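Note sheet for the following structure.
Readers should treat all values here as calculations from the given coordinates under stated rules, not as data from a laboratory. The model shown is predicted, which means the values in this text are computed figures rather than measured ones. All Cβ positions, glycine included, derive from the backbone under ideal geometry; neighbour counts span all protein chains shown.
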Amino acid sequence: MKIVVIQGPNLNMLGIRDQNIYGPMKLEDIHSQMKGFADKNQIDIEFFQSNLEGEIVDRIQECIGDADGIIINPAAYTHTSIAIRDALSAVQLPAIEVHLSNIHQREEFRHTSLTAPVCAGQIVGMGPFGYHLAMVGMTQILNEVKAMKQAQQAQQQMQNQAKQ
Ligand code: DQA
């Protein structure tokens, strides 16, 4: 089971940037907590941060055949990027959108997410803990997908045996 974590523009500035909104924690500390959870649960995890929209689109596309799920904070691109939305939709992998701040409590231009409608779920306003919640949620989704595939395989085997 592999999860790719994709972080959008300015999230490399966490710990320096708007601490009153995003808190003091650095991105690398958030990632090391996520890695701890992944290791305990036998999950492969990879982290990617970019300030460039096209690089984020490329990384999402590269998830095909490589990852089982995506955790993404598209940051400001959440509110503007049809390209990132289309990429998330195209890869057909479960994705969870995370925002440190409660975007619905902030300026009106942050209330709309172009990406959330193509995600399995959205976690907002929980600070860095939101990424932990996303890990728990993604693990649950991937376990359900695995159980469903196993049930389908078992049913197919039974059908094949009945034909013989
Ligand atoms: C953010 C919210 C966005 O509106 C903002 O542009 C960000 C961070 C968050 O995590 O709260 O860069 O995605």
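If amide hydrogens are placed 1.01 Å from N in the peptide plane, which non-local residues have theirs closer than 5 Å to the one on G69?
So G69 has HN proximity to K2, V4.
Take the alpha carbon gyration tensor of region 17-79, find the square roots of its eigenvalues, order them as a ≥ b ≥ c, and report rounded if a/c is under 1.5; if not, report prolate when a/b exceeds b/c, else oblate.
oblate
Provide the gained length on full extension for the span D29 to Q161, in nm with one decimal, where the gain is 0.36 nm per separating residue minus the Cα-Cα distance.
Here the answer is 42.3 nm.
By how many nm would the segment from Q19 to Q61 lengthen if fully extended, with 0.36 nm per residue of separation less the alpha-carbon distance?
Result: 11.9 nm gained on full extension.
For the chain, what does the helix formula give at 222 nm: sum of -39500 (n - 2.57) over DSSP H segments with n ≥ 4, over the residue count, nearest 500 deg cm²/dmol?
Values: 5 runs with 72 residues, N = 164.
Helix contribution divided over all residues of the chain: -14000 deg cm²/dmol.
Note the full-extension length gain between D44 and F129 as 0.36 nm times their separation in residues minus their Cα-Cα distance, in nm to one decimal. The partial results should precede the final answer.
Working: separation 85, 0.36 × 85 = 30.60 nm, distance 1.96 nm.
Residue separation times 0.36 nm, minus the Cα-Cα distance, leaves 28.6 nm.
Just tell me which lysines come within less than 24 Å, Cα to Cα, of K26; anything on the same chain fewer than 8 places away is out.
K2, K35, K40
Under 1.5 on a/c is rounded, so check that first for region 51-135, then, if it is not, pick prolate when a/b is larger than b/c and oblate when it is not; a ≥ b ≥ c are the square roots of the alpha carbon gyration tensor eigenvalues.
Here region 51-135 falls in the oblate category.
Give me the one-decimal nm value for the distance between modelled label points at Q152 and S89, 7 Å along each residue's Cα-to-Cβ direction.
2.2
Based on the Kirkwood radius over alpha-carbon pairs, what value in µm²/s does the Stokes-Einstein equation return for the translational diffusion coefficient of region 2-163 at 4 °C and 1.567 mPa s?
The diffusion coefficient I find is 78 µm²/s.
Ordered by residue, what ³J(HN,Hα) values in Hz, to whole numbers, does region 113-123 give under the Karplus form 6.51 cos²θ - 1.76 cosθ + 1.60, where θ = phi - 60° and Gly and Pro are x?
Each residue's phi maps through the Karplus curve to give 10, 6, 8, 4, x, 9, 9, 5, x, 9, 10 Hz.
So which trypsin sites (Lys or Arg not before Pro) in region 5-37 end up in coil per DSSP with only 11 or fewer other C-beta atoms within 10 Å?
Here the trypsin sites (Lys or Arg not before Pro) that fit, given the DSSP loop and packing criteria, are R17.
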